[in-house]
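**Q** Let me give you the structure first, and then I'll get to my questions.
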Amino acid sequence: MNPLLSQLKPYPFARLREAMQNCNAPEGIKPIPLHIGEPKHPTPKVITDALTEALPELSAYPLSAGLPELRQACADWAARRYNGLQLDPDTEILPVLGSREALFSFAQVVLAHKDDKQAVISPNPFYQIYEGAAFLGGADIVFANCNAPRFLPQWSQISESDWQRAALVFVCSPNNPSGNVMQKEDWEELFNLQDRYGFVIASDECYSEIYFDGNKPIGCLQAAAELGRSNKGIVMFTSLSKRSNVPGLRSGFVAGDAELLKAFLLYRTYHGSAMSIPVQRASIAAWNDEAHVEENRRLYQEKFDKVLPILRQSFDVNMPDASFYLWLKVPGGDDLAFAKNLWEKAAIQVLPGRFLARDGVDGNPGEGYVRIALVAGVEECVAAAETIARLYRI
């Protein structure tokens, strides 16, 4: 057995199940699951039609590099989305089986197993794939806490010695769990650190298309271009799961540094991660269509518009910059007790923030918060908000 596997920690939802073993929801009440960020809006017909029409192509082996038409569709989308960003579809774009798979496997390409351990820098709270990727790559993980009010990584917390051995920095914007977005000046700060220490940036942007009032989050490659930089040492990860309500399609792409993507493609030819051709055809249809994405945003906007005024009767809670999450500060500071109470009183599931973060010298930056994913239907989200507000009315 690979001894590095012993470093892997239970996933947040496994920790939640264990913590709730002796908690029972009231009988006769339908649970409202707001703890997992799994989109529940209907999958658009433009995608399902393209998928079913391409089913005969299951008879062919797909290439790891993907269809040229898919890479071109991804490049065209990036140009539309990021103010004319120009990417070479042959060298700077690579289809992947969703951002989760790619974030993990990319780290295995970047990290070198050395006696002097490399470091992976991660936000805290964080998507646990970052940690697993670091451990299986033989590296240490070092956390930059995301504290109020901005809930973005505080790079100043990283020591000089850790920066010097940093090989890879994960960032997530829009942030999971807070929904806050890095601005151009935040990217510039990180790029300046990259110039000084020479690490690779892996930018997780899977929530980039769930934004509000036309305030499009700036992406890492867009920021680099607008700051007059190349994309050397920078790779962006995106996915159709949240944008297009197809988490089961397992489709996304990575873009950026051609040299890194060349090495990543080599890895993937051995890794066995080629996307099936029908999924590629469906992905082309998805990336080429914005109407369903606009409808998706409208539904999330409706939920926030209805839920926030209700919750504000009992909580100090803000609209996120983007994403479908609320990062709610709980009264009394005990996020686990809050989650248990909601389950036992009303069959509402939320995720304690402590399970999304790691303890440090300054404590656990997720403690005292819960993540609420507004993925259920509008009526369910409103009903949940009314119950939560009633249970904690000031």
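**Q** Please name all residue pairs, on different chains or six or more residues apart, with Cβ atoms under 9 Å, provided the first residue is in region 122-148 and is at positive phi and the second residue is of a type in the set (S, T, Y).
**A** none
**Q** Filter region 187-227 for residues that are among the hydrophobic types (A, V, I, L, M, F, W, C) and farther than 18 Å from L168 by Cβ; which is surrounded by the fewest Cβ atoms within 10 Å (Cβ to Cβ)?
**A** L227
**Q** If I ask for residues that are open to solvent by 10 Å² or more (accessible area, probe 1.4 Å) and closer than 27 Å to V317 by Cβ, which ones from region 156-171 would you list?
**A** Once the filter is applied, which keeps residues that are open to solvent by 10 Å² or more (accessible area, probe 1.4 Å) and closer than 27 Å to V317 by Cβ, region 156-171 yields only Q157.
**Q** I would also like to ask the following. Looking at the structure I just gave you, is V120 closer than 19 Å to P365 by Cα, aliphatic (A, V, I, L, M) and open to solvent by less than 10 Å² (accessible area, probe 1.4 Å)?
**A** yes
**Q** Another one. Which condition from (1) surrounded by fewer than 16 Cβ atoms within 10 Å (Cβ to Cβ); (2) under 22 Å from the mean Cα position of the chain (by Cα); (3) not in a helix (DSSP H, G or I) is the one that P39 breaks?
**A** (1)
**Q** Failed condition for F13, given (1) open to solvent by less than 90 Å² (accessible area, probe 1.4 Å); (2) in the same structural domain as A258 (by the TED database), with all others met?
**A** Unmet condition: (2).
**Q** Hey, F143 hits all of (1) touching a Leu at 6+ places or on another chain (Cβ under 9 Å); (2) in a strand (DSSP E or B) but one; which does it fall short on?
**A** Here F143 meets the rest and fails (1).
**Q** If the requirement is being without any contact (Cβ under 8 Å) to a residue 12 or more places away in the chain and among the acidic types (D, E), which of these qualifies: D305, D334?
**A** Going through D305, D334 in turn, just one is without any contact (Cβ under 8 Å) to a residue 12 or more places away in the chain and among the acidic types (D, E): D305.
**Q** Considering region 88-103 alone, what residues qualify as being open to solvent by 30 Å² or more (accessible area, probe 1.4 Å), of a type outside the set (D, E) and not in a loop (DSSP other than H, G, I, E, B)?
**A** R100 - this is the single residue of region 88-103 that is open to solvent by 30 Å² or more (accessible area, probe 1.4 Å), of a type outside the set (D, E) and not in a loop (DSSP other than H, G, I, E, B).
**Q** Would you tally the residues in region 337-351 being open to solvent by 10 Å² or more (accessible area, probe 1.4 Å) and in contact (Cβ under 8 Å) with a residue 24 or more places away in the chain?
**A** 7
**Q** Right, here's the next one. Among (1) surrounded by 23 or more Cβ atoms within 10 Å (Cβ to Cβ); (2) in the same structural domain as M182 (by the TED database); (3) within 25 Å of A202 (Cβ to Cβ), there is one condition E259 misses while meeting the rest; what is its number?
**A** For E259, the exception is condition (1).
**Q** Test of understanding: among G66, G138, G132, which residue is in contact with a Phe, Trp or Tyr (Cβ under 9 Å, 6 or more places away or on another chain), in a loop (DSSP other than H, G, I, E, B) and of a type in the set (G, A, S)?
**A** Residue meeting the stated conditions: G66.
**Q** Also, quick follow-up: Just the residues that are assigned to a strand (DSSP E or B) and touching a residue at least 40 places away in the same chain (Cβ under 8 Å), please, taken from region 185-202.
**A** Result: V200, A202.
**Q** Run down A79, A73 and say which single residue is assigned to a helix (DSSP H, G or I), crowded, with 16+ Cβ neighbours inside 10 Å and either in contact with a Cys (Cβ under 9 Å, 6 or more places away or on another chain) or at pLDDT 95 or above (or both).
**A** None of the other options fit; the residue is A73.
**Q** Ok, one more. Answer with yes or no whether A112 is touching a strand residue (DSSP E or B) at 6+ places or on another chain (Cβ under 8 Å), crowded, with 20+ Cβ neighbours inside 10 Å and not β-branched (V, I, T).
**A** It is false that A112 is touching a strand residue (DSSP E or B) at 6+ places or on another chain (Cβ under 8 Å), crowded, with 20+ Cβ neighbours inside 10 Å and not β-branched (V, I, T).
**Q** Only one of K306, K329 is open to solvent by 10 Å² or more (accessible area, probe 1.4 Å), more than 22 Å from S99 (Cβ to Cβ) and touching a strand residue (DSSP E or B) at 6+ places or on another chain (Cβ under 6 Å). Can you tell me which?
**A** None of the others qualify; the one that does is K329.
**Q** Can you name every one of the helices (runs of 4 or more DSSP H) wholly within region 269-349 that holds 3 or more residues which are under 15 Å from I47 (Cβ atoms)?
**A** 277-287, 291-311
**Q** Continuing with the same structure: Could you go through region 28-39 and let me know if any residue there is out of contact with any strand residue (DSSP E or B) (no Cβ under 8 Å at 6 or more places or on another chain), touching a residue at least 60 places away in the same chain (Cβ under 8 Å), farther than 25 Å from S208 by Cα and not hydrophobic (A, V, I, L, M, F, W, C).
**A** Yes, because at least one residue in region 28-39 is out of contact with any strand residue (DSSP E or B) (no Cβ under 8 Å at 6 or more places or on another chain), touching a residue at least 60 places away in the same chain (Cβ under 8 Å), farther than 25 Å from S208 by Cα and not hydrophobic (A, V, I, L, M, F, W, C).
**Q** Which condition does M275 not pass, out of (1) more than 30 Å from A383 (Cα to Cα); (2) open to solvent by less than 20 Å² (accessible area, probe 1.4 Å); (3) in contact with a helix residue (DSSP H, G or I) (Cβ under 6 Å, 6 or more places away or on another chain), if it passes all the others?
**A** (3) is the only condition that M275 fails.
The values are calculated or read from the model by the stated rules, or taken from the named source; none is laboratory data. Just so we're clear, the structure is a prediction, and the values are computed from it rather than from any experiment. In this analysis, Cβ positions are derived from the backbone assuming ideal geometry, glycine residues included, and neighbour counts consider all displayed protein chains. Remember, those area values only see protein heavy atoms, side chains included, never the ligands or the DNA or RNA. Shrake-Rupley method; radii C 1.70, N 1.55, O 1.52, S 1.80 Å.
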